[in-house]
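Please read the structure below before turning to the comments.
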């Protein structure tokens with residue numbers, strides 16, 4: 001989104017907001033304070049700035065998705081190569097006294113590492129003591145209880161407002 005049809009004063013407001021990066025300094029808060037006289041100018045400038053920032057966020061989200069896909073591709077490639085190298089080391093590497101397979105070149109030293117992990121083969125057969133119970137707040141339940149007249153200490157229903165820009 002490009003900023004169009006805005007006054008010089010609105011450009012100054014937008015420029016100032018971008019310059020300070022939204023940091024809530026006393027100077028910024030004073031500058032951004034909306035008075036009745038400045039409401040129309042500042043509200044429109046804020047609206048344009050918000051629309052422009054939202055468009056930038058959309059572009060950033062798309063770039064993040066692209067980079068995440070590239071990262072996943074590279075990670076999968078590394079995993080496949082490591083698995084192939086591990087299999088080759090297990091077959092052709094020289095085993096030391098500790099059972100570790102090794103292979104060395106002038107530039108690299110390759111070796112296997114032993115580790116242990118727990119693998120669940122039948123979750124239904126496990127005793128209940130092996131499970132962890134999560135302790136979570138159910139906001140849906142709390143809202144229902146409050147709306148039906150229950151008093152819940154530590155919770156309340158709040159009405160929130162947001163701005164819609166078109």
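Do any residues in segment 51-65 that are over 17 Å from residue 166 (Cβ atoms) have Cβ atoms under 9 Å from those of residues that are at pLDDT below 95 and exposed (fewer than 10 other Cβ atoms within 10 Å of the Cβ), where the two are at least six apart or on different chains, and which pairs are they?
none
Answer yes or no: is there a residue in segment 111-118 that is within 30 Å of residue 91 (Cα to Cα), touching a strand residue (DSSP E or B) at 6+ places or on another chain (Cβ under 8 Å) and either in a loop (DSSP other than H, G, I, E, B) or modelled with pLDDT of 95 or more (or both).
Here is the first cut: in segment 111-118, the ones within 30 Å of residue 91 (Cα to Cα) are 111-118.
Filter once more, so that each one left must be touching a strand residue (DSSP E or B) at 6+ places or on another chain (Cβ under 8 Å): 111-112.
Then keep just the ones that are either in a loop (DSSP other than H, G, I, E, B) or modelled with pLDDT of 95 or more (or both); that gives 111-112.
Yes, some residue in segment 111-118 is within 30 Å of residue 91 (Cα to Cα), touching a strand residue (DSSP E or B) at 6+ places or on another chain (Cβ under 8 Å) and either in a loop (DSSP other than H, G, I, E, B) or modelled with pLDDT of 95 or more (or both).
Which condition number in (1) loosely packed, with under 12 Cβ neighbours inside 10 Å; (2) modelled with pLDDT under 80; (3) over 20 Å from residue 163 (Cα atoms) is the one that residue 20 fails?
(1)
Within the set of pairs 6 or more residues apart or between chains, which connect a residue that is without any contact (Cβ under 8 Å) to a residue 24 or more places away in the chain inside segment 140-161 to a residue that is assigned to a helix (DSSP H, G or I) and loosely packed, with under 12 Cβ neighbours inside 10 Å with Cβ atoms less than 9 Å apart?
150/144; 155/139; 157/147
Answer yes or no: is there a residue in segment 77-99 that is modelled with pLDDT of 75 or more, at negative phi, surrounded by 14 or more Cβ atoms within 10 Å (Cβ to Cβ) and not in a helix (DSSP H, G or I).
Within segment 77-99, one or more residues are modelled with pLDDT of 75 or more, at negative phi, surrounded by 14 or more Cβ atoms within 10 Å (Cβ to Cβ) and not in a helix (DSSP H, G or I).
Within the bounds of segment 121-137, is there any residue that is closer than 30 Å to residue 44 by Cα and in a loop (DSSP other than H, G, I, E, B)?
Going residue by residue through segment 121-137, those that are closer than 30 Å to residue 44 by Cα are none.
The answer is no; no qualifying residue exists.
The values are calculated or read from the model by the stated rules, or taken from the named source; none is laboratory data. Remember, predicted model here, so these are calculated numbers, not experimental data. Every residue, glycine among them, receives a Cβ derived from its backbone with ideal geometry; neighbour counts consider all protein chains shown.
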